[in-house]
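One structure below.
The values are calculated or read from the model by the stated rules, or taken from the named source; none is laboratory data. These numbers were taken from a predicted model, which means no experiment stands behind them. Every residue, glycine among them, receives a Cβ derived from its backbone with ideal geometry; neighbour counts consider all protein chains shown. We work out accessible area using only protein heavy atoms, side chains counted, and drop any ligands, DNA or RNA first. Shrake-Rupley method; radii C 1.70, N 1.55, O 1.52, S 1.80 Å.
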Amino acid sequence: MKSIAIVLDYIEESNKHNGVKDTLRKNIKEVFGNRIQVNIYFINRLNENNLIEDDLILAMASSRAIRIRPFVRSPENIIIIERTFLKKYIYPLFSIPANTDVLVINDDIETIIESVSCLYGIGVKHLNLIPAEPSKDYSNIDIALSPSADPKIIPKHIKNVIDIGHRVLDTPTMLLIINKFNINDKTVHQNLYNYCKKILSSNIGIQKNYNDLFTRTEELDYLLDLSNDGILLTSSDGKILVYNKKFKEIFNIKKEIIGQFLHNVLEGLNMESYYDDKFYNNLIFYRKKYINLQKKNLIHYNKERRLYFNFQEVTYIKKLEQNLSKQLREKGQIAKYTFDNIIGDSDAMINIIEMSRKIAKSDLTVLITGESGTGKEVIAQAVHNASKRHNQPFVAINCAAVPDSLLESELFGYVKGSFTGALKDGKKGLFEQANNGTIFLDEIGDMPTTLQSKLLRVLQERQIMPIGSQQVIDIDVRIIAATHRNPTDMVKEGTFRKDLFYRLNVFPLHLPALRDRIEDVPVLLKHFINKKFSFSKQCINLLTTYDWPGNIRELKNVAEYISTIEEGNEVTLKSLPNYLIETNIKKSCSFDIKNEFSTYFEKEKKFLEEKTCFSTALIVLKAVEYLNEINKTAGRKHLLETLERQNTPIQESQLRKNLKILNKLKFIITKKGRSGSYITQNGKDFLRYQSKYINKLVEKLANK
Ligand SMILES: Nc1ncnc2c1ncn2[C@@H]1O[C@H](COP(=O)(O)OP(=O)(O)OP(=O)(O)O)[C@@H](O)[C@H]1O
């Protein structure tokens with residue numbers, strides 16, 4: 001414990017100095033509590049063989065400081081105190097009429113003069129303060145001011161003796177002590193603030209500045225304490241500079257921790273590992289509690305690095321979870337599939353689920369390959385939901401569905417005024433929206449090469465730079481990419497960057513086509529059909545020998561078809577869509593089935609040929625189906641863009657006409673407003689029936 005010496009002038013005689021001694025001791029205790037020990041010395045009892053060893057020595061005046069120097073071990077620790085009066089004693093003086101003669105009485109002339117000058121200094125200027133000299137006659141004065149009110153020294157005729165109390169330590173002296181002992185304790189500042197309110201400082205400037213600073217710090221502390229997170233600021237080597245109440249609460253800390261090292265305060269958590277200049281977002285376990293720790297670096301203008309820590313109790317996060325999930329759901333940024341919703345009995349599927357569960361535990365990048373409809377997105381969602389990021393956003397983007405010109409701004413965002421047509425306030429990119437969560441980059445193989453190099457940088461640096469911005473943003477996002485193409489072939493062809501491929505292919509997952517795990521067909525059908533059905537033998541035969549080019553997505557559609565069409569309990573060939581039967585017959589029989597099925601959709605085909613250009617109608621219908629499948633609104637704008645992308649552009653007027661005709665045939669339903677068109681089962685069947693014709697047509701048009 002630090003100690004302070006107070007050196008008084010004379011030996012204590014008949015308790016003469018008790019007042020001063022007790023007052024100063026009381027002042028120090030009031031501000032510093034038991035943090036400082038006070039020792040009292042008397043000047044005429046000091047001995048050169050017994051030096052004062054205290055950390056700070058308070059002298060009453062400079063003349064006394066010189067006198068005590070030889071008796072002090074470290075004279076540089078001597079400070080000359082400043083004293084003042086308490087408000088409660090001084091305010092009554094203002095009721096004495098101006099220019100009244102008032103005698104100031106004390107033990108000796110030196111202290112009397114000091115008191116008079118101090119009274120003038122604090123603003124008692126309306127009275128004629130007269131220092132009482134022992135030999136003089138003051139019979140014309142009938143008011144006296146005295147701190148001790150010792151009756152012996154007060155002239156008999158004076159009846160009105162006003163007690164002005166002993167002088168107390170002034171603000172600058174208190175601040176000097178704080179400074180000398182490097183005290184940064186909040187309670188001490190709170191005590192000094194209260195103490196200042198009671199005294200009339202002769203140094204108004206210092207007192208006012210101190211009070212202002214204290215009030216501001218108090219307000220900031222108040223704001224910090226409002227937070228539900230534990231907040232902490234340390235120097236770059238972990239010395240605690242600022243903390244809030246919640247921090248102490250989370251870690252059950254009772255003592256003062258300012259100036260201590262964080263790794264000593266939170267023992268066993270290896271806090272030193274956070275002192276580097278990286279960003280962290282980790283879940284830690286401390287005394288039966290899960291706590292989410294975030295650490296950021298703050299660089300001040302003077303280039304000194306500070307570490308900002310934020311701690312959230314998981315119980316509290318849990319409460320936030322519902323709120324957050326609601327918001328994410330509203331934004332469509334939630335992954336609904338978990339491993340429990342993934343159906344599959346085949347060895348291949350069991351293997352994939354097992355692998356994926358392991359992958360979910362890590363934070364590494366995953367590349368999922370497989371034909372369209374094999375469940376790549378479903379797996380990506382399940383991995384996200386089984387990962388530690390499951391409470392954070394899952395943001396999916398189909399790189400093939402967004403025009404190249406827009407893909408960059410969709411992914412990285414832009415700042416305001418970046419380009420014509422940009423939103424007024426700029427736009428957050430999907431990477432930023434996915435921060436702390438997962439981004440699913442579907443059809444990565446369709447990403448233009450210019451963007452591939454930008455993506456590579458994101459993967460390397462974990463930073464993004466919005467279009468038009470000069471600043472990079474740190475992001476913490478898990479990347480899961482998928483493609484129905486063969487990335488190795490694309491790298492060979494030079495359409496996909498080799499370095500990007502290696503960065504993405506950290507965890508490769510290949511989903512086999514449904515035809516290669518045909519044993520999954522019955523369980524999937526059972527899962528998707530919500531009624532209880534039995535299947536005829538032929539039906540099972542057909543469904544398990546069919547190729548399923550559209551994989552599980554196609555099977556889901558067939559299941560939907562069956563649920564709608566079949567009114568009985570048994571699914572027979574009749575309950576299946578026409579195109580399935582056609583393909584199967586073609587597969588198992590050598591004769592051309594064209595004649596047998598030539599009556600299918602004959603009327604519709606004729607109607608189309610009469611009303612419009614047959615091939616255009618087919619292409620429009622196919623484009624509606626495609627946009628529906630990727631969950632994009634099949635409105636006129638998207639349809640025109642899609643047709644343009646596949647090199648089969650048409651005029652808007654043509655599109656409108658064809659949509660109308662397709663609606664008439666009930667191949668599509670176009671809803672009013674902005675929800676666009678939807679292909680009906682009839683439309684889908686018609687397309688399947690015409691599928692070869694369409695593929696040829698698209699190929700032909702694309703090569704024209
Ligand atoms: N194993 C599975 N269990 C249950 N449903 C599945 C499974 N796999 C896929 N599905 C269903 O099939 C549909 C298509 O799956 P998904 O969108 O994940 O395929 P994809 O491979 O990402 O397709 P694309 O390459 O066309 O984007 C989904 O709507 C999902 O309901």
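Tabulated data for the structure shown
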| quantity | calculated |
| --- | --- |
| Filter pass, Glu82 being touching an Asp or Glu at 6+ places or on another chain (Cβ under 6 Å) and touching a residue at least 24 places away in the same chain (Cβ under 8 Å) | yes |
| Test: residue in the stretch 226-242 that is more than 24 Å from Arg305 (Cβ to Cβ) and open to solvent by less than 20 Å² (accessible area, probe 1.4 Å) | no |
| Subset of the stretch 444-464 (residues that are within 16 Å of the ligand (Cβ to nearest atom) and open to solvent by less than 30 Å² (accessible area, probe 1.4 Å)) | Ile444, Gly445, Met447 |
| Residue within the stretch 298-305 that is surrounded by 16 or more Cβ atoms within 10 Å (Cβ to Cβ) and either out of contact with any Asp or Glu (no Cβ under 6 Å at 6 or more places or on another chain) or free of Cβ contacts under 8 Å to residues at least 60 places away in the same chain (or both) present | no |
| The lone exception for Leu441 - which of (1) touching a Leu at 6+ places or on another chain (Cβ under 9 Å); (2) within 15 Å of the ligand (Cβ to nearest atom); (3) in contact (Cβ under 8 Å) with a residue 60 or more places away in the chain it fails | (3) |
| Any hit, the stretch 491-507, residues being within 14 Å of the ligand (Cβ to nearest atom) and of a type in the set (A, V, I, L, M) | no |
| Residue identified as open to solvent by 90 Å² or more (accessible area, probe 1.4 Å) and in contact with a helix residue (DSSP H, G or I) (Cβ under 6 Å, 6 or more places away or on another chain) among Arg45, Arg69 | Arg69 |
| Filtered residues of the stretch 353-381 (kept if within 27 Å of Phe496 (Cα to Cα), near the ligand (Cβ under 9 Å from one of its atoms) and open to solvent by less than 50 Å² (accessible area, probe 1.4 Å)) | Ile368, Gly370, Gly373, Thr374, Gly375, Lys376, Val378, Ile379, Ala380, Gln381 |
| Given (1) at pLDDT below 85; (2) aromatic (Phe, Trp, Tyr); (3) crowded, with 16+ Cβ neighbours inside 10 Å, index of the condition Phe440 fails | (1) |
| Those helices (runs of 4 or more DSSP H) lying entirely in the stretch 569-651 with at least 3 residues modelled with pLDDT of 80 or more and more than 16 Å from the ligand (Cβ to nearest atom) | 602-611, 614-629, 636-645 |
| The stretch 258-269: number of residues that are at pLDDT 90 or above, in a loop (DSSP other than H, G, I, E, B) and crowded, with 17+ Cβ neighbours inside 10 Å | 1 |
| Pairs where the first residue, in the stretch 53-70, is at pLDDT 90 or above and the second is among the hydroxyl-bearing types (Ser, Thr, Tyr), C-beta under 6 Å, 6+ apart | Asp54/Ser3; Asp55/Ser3 |
| Test result for Thr338, more than 10 Å from the ligand (Cβ to nearest atom) and either surrounded by fewer than 17 Cβ atoms within 10 Å (Cβ to Cβ) or β-branched (Val, Ile, Thr) (or both) | yes |
| Members of the stretch 270-290 found to be closer than 28 Å to Glu461 by Cβ, modelled with pLDDT of 80 or more and not acidic (Asp, Glu), listed by number | Asn270, Met271, Ser273, Tyr274, Tyr275, Lys278, Phe279, Tyr280, Ile284 |
| Single match in Leu320, Leu328 (criterion: at pLDDT below 75, closer than 29 Å to Gly429 by Cβ, open to solvent by less than 40 Å² (accessible area, probe 1.4 Å) and out of contact with any helix residue (DSSP H, G or I) (no Cβ under 9 Å at 6 or more places or on another chain)) | Leu328 |
| Number of the condition not met by Arg553 [criteria: (1) open to solvent by less than 30 Å² (accessible area, probe 1.4 Å); (2) within 19 Å of Asn341 (Cα to Cα)] | (1) |
| Identity of the residue in the stretch 465-482, within 16 Å of the chain's Cα centre (by Cα) and either within 16 Å of the ligand (Cβ to nearest atom) or assigned to a loop (DSSP other than H, G, I, E, B) (or both), that ends up surrounded by the most Cβ atoms within 10 Å (Cβ to Cβ) | Val477 |
| Within the stretch 14-85, strands (runs of 3 or more DSSP E) holding 3 or more residues that are over 30 Å from Lys186 (Cα atoms) and more than 59 Å from the chain's Cα centre (by Cα) | none |
| Residues located in the stretch 542-556, provided they are more than 12 Å from the ligand (Cβ to nearest atom), part of a helix (DSSP H, G or I) and either on the phi > 0 side of the Ramachandran plot or touching a helix residue (DSSP H, G or I) at 6+ places or on another chain (Cβ under 6 Å) (or both) | Leu542, Leu543, Thr544 |
| Flag for Ile397 being within 16 Å of the ligand (Cβ to nearest atom), over 24 Å from the mean Cα position of the chain (by Cα) and in contact (Cβ under 8 Å) with a residue 24 or more places away in the chain | no |
